[in-house]
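Structure first, commentary second.
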Amino acid sequence: MLKILKKKIIDRVRFLNGLANIIASEKIQSEALLLETIKSHLNLTTIFPQGFAVFRPEGVGVFAEHPTIIGRNEFSFAESEWFIKAKNSQTVIIGTPNISKVNGKLLMPIAKAIRNENGEVIGVLASPVFLDDPGLMDYVYDENHRQQGDILVISREKGIFIGSSNRAYLLKPTPASGENKFHDAVMNGFNGYDESIINGNQVMLTAAADVDFPDWFVVVRTPIEDAYEDLYEQLYSTIVNGLLVSLIALITITLTLYLFFRPLRKAASSVKEMVENTHPLTQIKIYKDDEIGDLIAGFNLLIEMVNERNLNLKKANIVLESLSQTDGLTGAANRRYFDETLQHAWRVQTRHQQPLTLLLIDIDYFKKYNDTYGHTAGDDCLKNVTKAIQGVINRPTDFFARYGGEEFVILLQGDLKEGSLVAEKARLAVSDLQIDHTGSTCKYLTISLGVTSVIPQLHQDPVDLIKQADQALYQSKANGRNRYELYENIKH
């Protein structure tokens, strides 16, 4: 858990640092260019759902932000601890978790100052990372954990609770020195576990370990009976297995007579083959209706139960794999499955030197649609658009997925001509739905598409294909929407 948490934080720090360096190289020449830089980078990751903002160096107002957060321009961050810390640092800083001024949620600010050639601060790039967001520490804040115990995340430097399945602890100071010996030891660098008593009589097993970056440590408390439950089960299993082995040994010694030796040897040989995985789990033939026959019949019953369990497990894994690859709202493939499919298709087309075509699709004025008709209608709209686009994809090798929000992708193992035909079919399919949209210039729902095609080379990266399609999509929107544009026509 600690390694995963540390990696998630480091991933966010590295990504924000890279974006800050790019913005610094562009010198914030125009707010429009800055906004496009932010948007294009957000399309490459899912770990910043709250997006980014570039604050003015005086702490009031922003040069650019995406997505727009209502109220952010109305607050001054000049005196905020994280803003001051970022301006005084040459690296990415992680601010003290606090309650957001804008929406009241618990957040951890990550920021870096953007400087010019003279080292002067010309802006501050920041992102509010909500600590209870899925993908970071949502399991820590899950109050369901309180049924088994507590998970606490503590800042050693600030001496406060920054994460807890019991929200009463959040941002509260940790126990004063002397109140809790185990806590005092952990604050001084101790990593380990000990037993403690809470609420007067409940014995808890408490363990603590450092995250290392930032200066956090995690404390897990669980009732002693739950903590040792696995140990008790293992002990019980050892005793049962020992008794079973003893019973088999006793039966083996007893059945050394010639009349019982041959069937017992065959049964033992079959069991050995199955244990060593040289033979599948199959029922053993029963030669006689006697004690050995009864033993083999019991073993066959166990085999039947194991096979049934394995079959159910296999079915469950198939269902889970399907769910992990499917978008829950539209039923289309999800972003994760698309990323895997793109990587595989890229390798195949690189090996065979055949073209790979990508269509990036965006529903026009979808935010206005949601604002006008409501999110329920917006969900229905996404489902209808999905069904319409899927209707124009015919080949088994064609792949369609929801890329995120109102964006979709189509991956074709074909050239630009085929991509253009599919793009026009998809555009017409959505247009023919005639879904009312008063916020659109067409008065009904439309889509815009960006199309690109390459023959992949070893020195290229699949991300380049996405970037090209995104540029073509941007040009399609700039040219009036309800159309598609080819990257081939705009790259020069």
- Message: Based on this model, can you work out whether T254 counts as of a type in the set (V, I, T), under 20 Å from the mean Cα position of the chain (by Cα) and modelled with pLDDT of 70 or more?
- Response: no
- Restricting the range 68-86 to residues that are closer than 25 Å to E36 by Cβ and modelled with pLDDT of 90 or more, the one surrounded by the fewest Cβ atoms within 10 Å (Cβ to Cβ) turns out to be F83
- Message: Here is a check on your reading of the model: is G119 at positive phi, at pLDDT below 90 and surrounded by fewer than 13 Cβ atoms within 10 Å (Cβ to Cβ)?
- Response: no
- Kindly check whether there is at least one residue in the range 52-74 that is small (G, A, S), under 30 Å from G159 (Cβ atoms) and without any contact (Cβ under 8 Å) to a residue 24 or more places away in the chain. no
- With criteria (1) in contact with a Ser or Thr (Cβ under 6 Å, 6 or more places away or on another chain); (2) of a type in the set (A, V, I, L, M, F, W, C); (3) within 18 Å of R481 (Cα to Cα), A429 comes up short on (1)
- Message: For the condition surrounded by fewer than 20 Cβ atoms within 10 Å (Cβ to Cβ) and touching a residue at least 24 places away in the same chain (Cβ under 8 Å), what is the one hit in L433, L428?
- Response: L433
- Task: Being polar (S, T, N, Q) and closer than 30 Å to Y373 by Cβ narrows it down to one of S420, S440, so name that one.
- Result: S440
- Message: Can you find, within the range 181-200, the residue that is surrounded by the fewest Cβ atoms within 10 Å (Cβ to Cβ) among those that are over 32 Å from the mean Cα position of the chain (by Cα) and at pLDDT 75 or above?
- Response: N188
- Contact list, first residue from the range 233-248 and at pLDDT 85 or above, second anywhere and of a type in the set (D, E) and assigned to a helix (DSSP H, G or I), beta-carbon distance below 8 Å, six or more apart or interchain, is none
- Item | Condition met for A423 (among the aliphatic types (A, V, I, L, M) and out of contact with any helix residue (DSSP H, G or I) (no Cβ under 9 Å at 6 or more places or on another chain)) | yes
- Hits in the range 1-38 - residues which are part of a loop (DSSP other than H, G, I, E, B) and in contact (Cβ under 8 Å) with a residue 60 or more places away in the chain: M1, K27, I28
- Result of the Cβ filter at 7 Å on the range 155-171, keeping first residues that are under 12 Å from V219 (Cα atoms) and partners that are small (G, A, S), at least 6 apart or interchain, is I162/S155
- Query: Would you pick out the residues in the range 436-461 that are under 32 Å from the mean Cα position of the chain (by Cα) and crowded, with 17+ Cβ neighbours inside 10 Å?
  - Reply: L445, T446, I447, S448, L449, G450, V451, T452, S453, V454, P456
- Message: Please pick out the residue among A345, A316 that is under 30 Å from A401 (Cα atoms) and either at pLDDT 70 or above or aromatic (F, W, Y) (or both).
- Response: A345
- Note on the structure: Among residues of the range 95-109 being of a type in the set (V, I, T) and touching a helix residue (DSSP H, G or I) at 6+ places or on another chain (Cβ under 7 Å), the residue farthest from I162 (Cα to Cα) is V102
- Query: Only one of T91, T45 is in contact with a helix residue (DSSP H, G or I) (Cβ under 9 Å, 6 or more places away or on another chain), part of a loop (DSSP other than H, G, I, E, B) and farther than 30 Å from F408 by Cβ; which?
  - Reply: T91
- Report yes if S420 is in contact (Cβ under 8 Å) with a residue 60 or more places away in the chain and either surrounded by 17 or more Cβ atoms within 10 Å (Cβ to Cβ) or in contact with a Phe, Trp or Tyr (Cβ under 6 Å, 6 or more places away or on another chain) (or both), otherwise no. yes
- Result of the Cβ filter at 8 Å on the range 104-121, keeping first residues that are not assigned by TED's automatic domain parsing to the domain that holds Q29 and partners that are at pLDDT 85 or above and small (G, A, S), at least 6 apart or interchain, is none
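The values are calculated or read from the model by the stated rules, or taken from the named source; none is laboratory data. As the structure is a prediction and not an experimental result, all values here were calculated from the model. Every residue, glycine among them, receives a Cβ derived from its backbone with ideal geometry; neighbour counts consider all protein chains shown.
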